[in-house]
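The values are calculated or read from the model by the stated rules, or taken from the named source; none is laboratory data. Since the structure is predicted, the reported quantities are computational estimates derived from the model, not experimental observations. Neighbour counts are summed over all protein chains in view; Cβ atoms, including those assigned to glycine, are modelled from backbone coordinates with ideal geometry.
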Amino acid sequence: MKQVLPKNLRRVTLPVCSLLMTGLLIQPALAEEQPAEPPTGPIFDRLDRNDDGQLGPRERQRAKNIHDRLDRNDDGKVGPRERQRAQNIHDRIDRNDDGKLGPGERRRAKNIHDRLDRNDDGKVGPRERQRAQNIHDRIDRNDDGKLGPRERRRAKNIHDRLDRNDDGKVGPRERKRAKNIHDRIDRNDDGRLGPRERQRAKNIRDRADVNNNGRVGPGERRLAKHRVEHHR
């Protein structure tokens, strides 16, 4: 037997059911029309290389690689000390202080990393970092913890003089030769070249550089050696 609702209940029930059905149909459509707001923030902006508001597969992989490099103790997290270290490295690479690493700055950082990574394992290990720190301390003449324009220019000039074959690197033989020269100039054996020692070395170099091109070529070296032997 069918149950028939009274007319007064039918007047209320039918509009309510219609509203409920309309709401159920509209809710998915509204959910599709109103997507969730994309994440924002300085970290997301740095990872989103193409500025499309999303992190694609390549960007996510890059973010993972960065995380793995920052996570020094391999605990799966980047702790306060690791974040501070990353910030310090970022500040040193960010030459124009705009808060971002542009293409030129990233390229320069990669070149520095490749030079420090002596064993080509993709990482700068403790010994490599210590060596880099020693080189930095020698170049930092005023001991302010930074390499100013004059100090960087001086370091580049030294590098160019040591790089005899002009391949952009100072190889083992070139380093050994540089060490022998350093040991000969370091008269007091303190491991550093003081003002008087540097001036003496410059005078010797200027006398040997006959054609005044800023370098002592093979012929000039032979001539300087002949002079020393003849003087003896």
For R221, all conditions in the list (1) out of contact with any helix residue (DSSP H, G or I) (no Cβ under 8 Å at 6 or more places or on another chain); (2) over 30 Å from R72 (Cβ atoms) hold save one; what is the number of the exception?
(1)
Single unsatisfied condition, R150 versus (1) surrounded by 14 or more Cβ atoms within 10 Å (Cβ to Cβ); (2) under 28 Å from the mean Cα position of the chain (by Cα):
(1)
Give the residue, chosen from R198, R192, R184, R173, that is within 30 Å of the chain's Cα centre (by Cα) and either of a type in the set (F, W, Y) or under 19 Å from R215 (Cβ atoms) (or both).
R173
Could you list, ordered by first residue, the pairs with Cβ atoms under 9 Å in which the first is in segment 202-221 and over 20 Å from H159 (Cα atoms) and in contact (Cβ under 8 Å) with a residue 12 or more places away in the chain and the second is among the β-branched types (V, I, T) and surrounded by 15 or more Cβ atoms within 10 Å (Cβ to Cβ), at least 6 apart or interchain?
V210/V216
Tell me which residues, restricted to segment 146-177, are touching a helix residue (DSSP H, G or I) at 6+ places or on another chain (Cβ under 9 Å) and closer than 19 Å to R95 by Cβ.
K146, L147, E151, R152, R154, A155
Filtering segment 45-79 down to residues that are of a type in the set (S, T, N, Q) and either closer than 22 Å to D98 by Cα or part of a helix (DSSP H, G or I) (or both), which residue is modelled with the highest pLDDT?
Q61
Verdict on E59 being under 21 Å from Q133 (Cα atoms) and touching a residue at least 12 places away in the same chain (Cβ under 8 Å)
no
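Of the residues that make up segment 36-44, is at least one in a helix (DSSP H, G or I), at pLDDT below 80 and surrounded by 12 or more Cβ atoms within 10 Å (Cβ to Cβ)? Give the steps one after another, and end with the answer.
Start the filter on segment 36-44 by keeping residues that are in a helix (DSSP H, G or I), which leaves 42-44.
Now narrow it down to the ones that are at pLDDT below 80: 42-44.
The next check asks that each one be surrounded by 12 or more Cβ atoms within 10 Å (Cβ to Cβ); those that pass are 44.
Yes, that holds for at least one residue.
With respect to R69, determine if the residue is within 23 Å of H159 (Cα to Cα) and not assigned by TED's automatic domain parsing to the domain that holds A155.
When the stated conditions are applied, R69 does not pass them.
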